[in-house]
Amino acid sequence: MTETSRSGFITFVGRPNVGKSTLTNALVGEKVAITSEKPQTTRRAIRGIVNRPGGQLVIVDTPGIHKPRTLLGERLNSLVEQVLGDVDVIGFCVPANEKVGPGDRRIAASLDGYPRAKKVAIVTKTDAAARDQITERLMEVDALREDWAAVIPLSALTREQLDVLTDELLGLMPEGPALYGADVVTDESIEDRVAEIIREAALEGVRDELPHSIAVTIEDMAPREDSDLTDIYANIVVERDSQKAIIIGRKGSRLADVGKRARAGIEPLVGTRVFLSLRVRVAKEWQRDPKQLGRLGF
């Protein structure tokens, strides 16, 4: 890269489910953050790296800001606050197909607490909205703050305007060398990415009360000797026996389905066929228990 290249950190904020993880994946060009219809799917600060001729963007994908109901929720919110204090640019996301509401206004106002970061407003999901809806949303969002460096409508799904956003973000970054190698797309370990793919598969189709109760741990992961298989032993952790029954399903059908979906995502990542052993175990009320949270990596 040239000496005038720019690099720095950005995070996207907004209510849960406004498309932050989908946008991260679209910009990186590879799946580094799991996505789900369920709110608060993201649980860690996952870094996705975008390399361009003009420099490098490091996207820190964080949980959605929400009213915490558990110790886990409190820890997720403090993680977001910590990230917001460290980044160069904050991208505030609002979906084009939903009116700006009190939650959006609260988050936009809270950005006053991070004076160091430049702010960009992003109207997401334009593919799901009519033209007049998009115009209305842009006006609503523009009125939320006076210090937007830019207001950009885009669709992560159709990739429309993604380049506009990337160029804008790079222009706002400080001058400096790349922070990661040109071939790096995330600083997540393979084990962490595998655990997230399994959690995404487990989230699909579960009833509303389950998403926050699911955690995944990798017990063991290694190539099998004299074989082109990778053996992975993982635990899906839930809070109650009734949830365990939901995950396993009738005669194990749901768990088999989770395994099948997860393998389809894991095999391209590890580059081999995968033998995946999934066990479901109960850790009572883990979201409220500091010791359990620690064991599960929160």
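Coordinate-derived values only; no laboratory data. What you see is a predicted model; the values in this text were computed from it and never measured. As a convention, Cβ positions derive from the backbone with ideal geometry for all residues, glycine included, and neighbour counts pool all protein chains shown.
A few comments on the model shown:
- For the listed residue pairs LYS31/LYS125; LYS31/LYS119; LYS251/LYS284; LYS20/LYS118; LYS118/LYS291, the alpha carbons are over 27 angstrom apart in LYS118/LYS291.
- Overall form of the range 47-203 per C-alpha gyration tensor (a/c, 1.5; a/b vs b/c): rounded
- Evaluated over the chain, the Cα radius of gyration and Dmax, each in Å: 20.0, 63
- Dipole in debye (nearest 20) - the range 6-172, about Cα centre, beta carbon charges: Lys, Arg +1; Asp, Glu -1: 580 debye
- In order along the range 215-232, the phi-based Karplus estimate (6.51 cos²θ - 1.76 cosθ + 1.60, θ = phi - 60°) of 3J(HN,Hα) comes to 10, 10, 10, 9, 7, 7, 8, 7, x, 7, 4, 6, 7, 9, 9, 10, 8, 10 Hz; Gly and Pro are listed as x.
- Beta bridges per DSSP, both residues in the range 6-172: antiparallel share near 25 percent.
- Sequence-separation-based contact order of the chain, relative, with Cα cut under 8 Å and 6+ spacing, percent: 18 percent
- Sorting ASP147, ASP142, ASP192 by the number of Cβ atoms found within 10 Å of their own Cβ, with the fewest placed first, yields ASP147, ASP142, ASP192.
- Debye, to nearest 20: dipole size of the chain, +1 on Lys, Arg Cβ, -1 on Asp, Glu Cβ: 1240 debye
- Only Cα sites of the range 190-295 enter the Debye sum here, all with the same form factor; the resulting log10 I(q)/I(0) across q = 0.18 1/Å is -0.84, listed in q order.
- Bridge type composition, the chain - antiparallel percent by DSSP, nearest 5: 35 percent
- Cα centroid separation - the range 10-35 against the range 99-141, whole Å: 15 Å
- Farthest positive-ward along the chain dipole, Cα basis, beta-carbon charges - from ILE232, VAL164, ALA143: ILE232
- Of all DSSP beta bridges in the range 190-295, antiparallel share, percent nearest 5: 45 percent
- Listed from fewest to most Cβ neighbours within 10 Å, the set PHE92, PHE275 follows the order PHE275, PHE92.
- Residue order, fewest to most beta carbons within 10 Å, for ARG137, ARG52: ARG52, ARG137
- Projected-area average for the range 108-164 over all orientations - Cα convex hull basis, square nanometres: 4.2 nm²
- Its DSSP H runs of at least 4 residues, each contributing -39,500 (n - 2.57), put the calculated 222 nm mean residue ellipticity of the chain at -10500 deg cm²/dmol, to the nearest 500.
- Per-residue HN-Hα couplings for the range 117-133 [Karplus 6.51, -1.76, 1.60; θ = phi - 60°; Hz; x = Gly/Pro]: 7, 7, 10, 10, 9, 10, 9, 8, 6, 5, 5, 9, 10, 6, 4, 5, 5
- Put a plus charge on the Cβ of each Lys and Arg, a minus charge on the Cβ of each Asp and Glu, and nothing anywhere else: the dipole of the range 190-295 about its Cα centre is then about 500 debye.
- Positive-end residue of GLY181, VAL13, LEU293, charge dipole of the chain with Cβ unit charges: LEU293
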